[in-house]
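Participant: Just dropping this structure here.
The values are calculated or read from the model by the stated rules, or taken from the named source; none is laboratory data. Worth saying up front: this structure is predicted, and the values here are computed from it rather than measured. Reconstructed Cβ throughout: ideal geometry from the backbone, glycine too, with neighbour counts over all protein chains shown.
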């Protein structure tokens, strides 16, 4: 068995112990470490700290629920019974490699071996599932108490969006969230040195000390190409359950199409009627835009639509074509594979993953060739001017403009 890690849930504590015996689970036996772990487990999971032997580890690539519990001396018949009892409330097949788990064991009166009584699995840093089989089998889906701390940041692009965010010791998820918010207005493939953004957002903590990620982004301004692009989070329904981002005048940041079918990568070849194509050894029109990225990078539909073609040709490789309306269609070539569930007739949403970057067909390297049709003719997607989506209801605009004033002032004050 792989080494047992004294792993405190959600990064609260990480203590590594060596595993000398590959067949048996190793119990953390350093008193100081053990006491700390037990206290934290008792605090987080509400189990009496003096009743259990606490064993913590992470899911290995080939681990299963049954393998883990039998490894901790639970008879297979008992494991099967537990699995059957919980199948409607927790799918044990969905354990993900790398996620932490905790086993609480207890000595039975007729056996000297500590037997598992509770299995705790962490889906993410905040949510976890408790499977308690001390007497009857019970399943609890829990959420750890978190607190949000309002933060601001200013980042100027000197190297790259990711690197400059990292250099400021900020969460890399900020880059992903910004790419989602500004996917319709900022070309993240062509950020320039000197571009910059300011942002107001929440950092999320457990027990006010353990950082688990970023929460809501309330407002930001991205200075791109010398122009300021504002974004303010605002509810789009009366119950305030759904939110979108709008600019300083109440216009939505969403346009009809995303600027690229990938979140990150680089443009390796543009639409060109007179391009010399190395693969063919001659000048041949290139009627698409190539976005280079590692094999397996998710490819997204750039707008809502219906899949009208899905297949393989010697030139296109694995490809999908989507019809968006009577005017526009898009096509995505050279995929390594299609996304699960995508077929001809599938309705896809803007930003939905439809496949993965590859180099099938006539391709000299991993990329997606993105092709764009307007009124039945292929055009340069990067030169098309897309109409904006629906703005805020005019009746709500005065309220919205009043709402964003404090955020505007705060963004202007960030240095």
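Participant: Within the range 107-122, does at least one residue satisfy the condition of being under 30 Å from residue 201 (Cα atoms) and at pLDDT 90 or above?
Facilitator: Of the residues in the range 107-122, the ones under 30 Å from residue 201 (Cα atoms) are 121-122.
Still in the list and also at pLDDT 90 or above: 121-122.
Yes.
Participant: Is it the case that residue 70 is in contact with a helix residue (DSSP H, G or I) (Cβ under 8 Å, 6 or more places away or on another chain), without any contact (Cβ under 8 Å) to a residue 12 or more places away in the chain and either in the same structural domain as residue 197 (by TED's automatic domain parsing) or not in a strand (DSSP E or B) (or both)?
Facilitator: So residue 70 passes the test.
Participant: Are any residues in the range 323-335 surrounded by fewer than 19 Cβ atoms within 10 Å (Cβ to Cβ) and in contact with a strand residue (DSSP E or B) (Cβ under 7 Å, 6 or more places away or on another chain), and if so, which ones?
Facilitator: 323, 327, listed by residue number.
Participant: Identify the residue in the range 270-313 that is in a strand (DSSP E or B) and at pLDDT below 85 and, among all such residues, is nearest to residue 356 (Cα to Cα).
Facilitator: Once the filter is applied, the top-ranked residue is 286.
Participant: Looking at 135, 187, 91, which is the one that is assigned by TED's automatic domain parsing to the domain that holds residue 61 and modelled with pLDDT under 90?
Facilitator: On the way: 187 fails: assigned by TED's automatic domain parsing to the domain that holds residue 61; 91 fails: modelled with pLDDT under 90.
Checking each option against the conditions leaves just 135.
Participant: Exactly one of these conditions fails for residue 78: (1) surrounded by 13 or more Cβ atoms within 10 Å (Cβ to Cβ); (2) not in a helix (DSSP H, G or I). Give me its number.
Facilitator: So the condition that residue 78 fails would be (2).
Participant: Report every pair of residues separated by at least 6 positions or lying on different chains whose Cβ atoms are under 9 Å apart, first residue within the range 295-315 and without any contact (Cβ under 8 Å) to a residue 12 or more places away in the chain, second in a strand (DSSP E or B) and buried (at least 21 other Cβ atoms within 10 Å of the Cβ).
Facilitator: 311/319; 311/320
Participant: Within the range 157-200, work out how many residues are surrounded by fewer than 16 Cβ atoms within 10 Å (Cβ to Cβ), touching a helix residue (DSSP H, G or I) at 6+ places or on another chain (Cβ under 8 Å) and assigned to a loop (DSSP other than H, G, I, E, B).
Facilitator: Residues in the range 157-200 being surrounded by fewer than 16 Cβ atoms within 10 Å (Cβ to Cβ), touching a helix residue (DSSP H, G or I) at 6+ places or on another chain (Cβ under 8 Å) and assigned to a loop (DSSP other than H, G, I, E, B): 3 in total.
Participant: I need a count of the residues in the range 347-405 that are in contact with a helix residue (DSSP H, G or I) (Cβ under 7 Å, 6 or more places away or on another chain) and either over 30 Å from residue 294 (Cα atoms) or assigned to a helix (DSSP H, G or I) (or both).
Facilitator: Number satisfying all stated conditions: 1.
Participant: Just wondering, is there one or more residues in the range 139-153 that are at pLDDT below 90 and part of a loop (DSSP other than H, G, I, E, B)?
Facilitator: Yes, the range 139-153 has at least one match.
Participant: Report the residue count in the range 201-234 for those that are crowded, with 17+ Cβ neighbours inside 10 Å and in contact with a helix residue (DSSP H, G or I) (Cβ under 8 Å, 6 or more places away or on another chain).
Facilitator: Number of matching residues: 15.
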